[in-house]
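The values are calculated or read from the model by the stated rules, or taken from the named source; none is laboratory data. What you see is a predicted model, and the numbers here were worked out from it, not measured in a lab. Using ideal geometry, Cβ is built from the backbone for each residue, glycine included, and neighbour counts are taken over all protein chains shown.
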Amino acid sequence: MSTFLQLLFSSLESGSVYALAALGIIIIFRTSRMTNFAQGSLGMVNAFVATFIYIYTGITPIIAALLGMVSALILGIIVDLVIMRRAKKVSPVSKQIITFGLIMLLLGLAPMIFGTSPLSFPRFIIKGAFTIGGASVTYNALFNIIVGLTIMLLLFYFLQKTKWGLAVRATASNEVTAQLMGVPTKTVTMGAWAVAAALGTLAALMLAPAITVNVSMMDNVQVNALIACVLGGFQTFYGPVIGAYVIGFTRNMLTYYISSTWGGAILYILFLVFIVFRPNGIIGKKRIKKV
């Protein structure tokens, strides 16, 4: 039982990282009808920013993370205004190719600005742990889980209960109709890029203490976040979040109980089989176009 609880808390922590990145991807997809393959790279760059702020100012990791998320908001706005808005009329596939170009740009700029050596970013709560059911859980892991779930619940509340949330949902449903109804869709899209970059940065900083801050730190997260979107379904905002936690839980269980070497491969095979039989994902529904 203690082992299962240990794996459960570990799954919730890793699932929170995947879910934050997946939520950033789905927000952009729903408002812009494109898949943002640069989500991980945006998080990586701003994780460097937060780490530099932490190292050279000596402020607490939490404050450094908040400043890194502010820089991510600014970078997200710049990406939308300077790059994506100019490509408004190109096809969705072309926009996705542009995000690949954005990855190359960020991977090139990051070492030039921040250096080639990996940097260390500490845990938000450096010391302390508690025991539950025989499982030892650090306060930092609990903090990451609570912060991840809280941010996602706040975003879902924002989307469902506020005027701006209605504007986001209207844009996600039909951008042209939303424009005719007076919804500022350009502002909505710009906000989506800003929020997505901030979510990616938080995910990167939650992961950073375990793997250091480096240019490839978000590669695995990016892949799993995209899989979470496919698994959960692109038709809702919360489907990819569910998919992210499913990935985190299933991966840990397969790795521990089946094979530490082949657990990841088995996971992807199982998800591939699932998608074959349910291509719209866990929550997604088949769209029927009426004529």
Within the bounds of region 246-257, is there any residue that is out of contact with any Ser or Thr (no Cβ under 7 Å at 6 or more places or on another chain), among the charged types (D, E, K, R) and surrounded by 17 or more Cβ atoms within 10 Å (Cβ to Cβ)? yes
For region 266-286, pairs from a residue that is under 17 Å from L226 (Cβ atoms) and among the polar types (S, T, N, Q) to a residue that is exposed (fewer than 12 other Cβ atoms within 10 Å of the Cβ) and modelled with pLDDT under 85, with Cβ under 9 Å and 6 or more apart or across chains, are N280/K286; N280/R287
State whether one or more residues within region 80-91 are of a type in the set (K, R) and either within 15 Å of A225 (Cβ to Cβ) or touching a Leu at 6+ places or on another chain (Cβ under 9 Å) (or both). no
Go through T3, T51 for me and flag whichever is under 16 Å from V213 (Cα atoms) and of a type in the set (S, T, N, Q). T51
Residue pairs, Cβ under 7 Å, 6 or more apart or interchain, first in region 67-89 and surrounded by fewer than 18 Cβ atoms within 10 Å (Cβ to Cβ), second of a type in the set (S, T, Y) and in a helix (DSSP H, G or I). List them. A87/S94
Residue list for region 30-66, filter: surrounded by 18 or more Cβ atoms within 10 Å (Cβ to Cβ), in contact with a Pro (Cβ under 9 Å, 6 or more places away or on another chain) and not polar (S, T, N, Q): M34, A50, Y54, P61
Of all residues in region 94-127, which are exposed (fewer than 11 other Cβ atoms within 10 Å of the Cβ) and within 21 Å of I62 (Cα to Cα)? K127
Only one of L155, L231, L199 that is under 21 Å from L42 (Cα atoms), within 19 Å of the chain's Cα centre (by Cα) and surrounded by 21 or more Cβ atoms within 10 Å (Cβ to Cβ): L199
State whether one or more residues within region 115-138 are assigned to a helix (DSSP H, G or I) and farther than 23 Å from T31 by Cα. no
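Every residue, every condition in (1) more than 20 Å from V215 (Cβ to Cβ); (2) in a helix (DSSP H, G or I); (3) in contact with a Gly (Cβ under 9 Å, 6 or more places away or on another chain), yes or no:
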| site | (1), (2), (3) |
| --- | --- |
| L23 | yes, yes, no |
| T31 | yes, yes, yes |
| T35 | yes, no, no |
| L42 | no, yes, yes |
| A47 | no, yes, yes |
| I62 | yes, yes, no |
| M69 | no, yes, no |
| S94 | yes, yes, no |
| L102 | no, yes, no |
So the helices (runs of 4 or more DSSP H) completely within region 169-279 holding 3 or more residues that are over 26 Å from D80 (Cβ atoms) and either touching a strand residue (DSSP E or B) at 6+ places or on another chain (Cβ under 6 Å) or not basic (K, R) (or both) are 185-211, 239-257, 263-277
Filter pass, I83 being part of a helix (DSSP H, G or I), more than 21 Å from A210 (Cβ to Cβ) and under 20 Å from the mean Cα position of the chain (by Cα): no
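Every residue, every condition in (1) modelled with pLDDT of 90 or more; (2) among the aliphatic types (A, V, I, L, M); (3) under 22 Å from S71 (Cβ atoms), yes or no:
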residue: M112; (1), (2), (3): yes, yes, yes
residue: G128; (1), (2), (3): no, no, no
residue: I146; (1), (2), (3): yes, yes, no
residue: T150; (1), (2), (3): yes, no, yes
residue: L180; (1), (2), (3): no, yes, no
residue: A192; (1), (2), (3): yes, yes, yes
residue: L205; (1), (2), (3): yes, yes, yes
List the pairs whose first member sits in region 133-144 and is closer than 13 Å to M206 by Cα, whose second member is surrounded by 15 or more Cβ atoms within 10 Å (Cβ to Cβ) and among the small types (G, A, S), and whose Cβ atoms are under 8 Å apart, counting only residues at least 6 apart or on separate chains? A141/S10; N144/S16
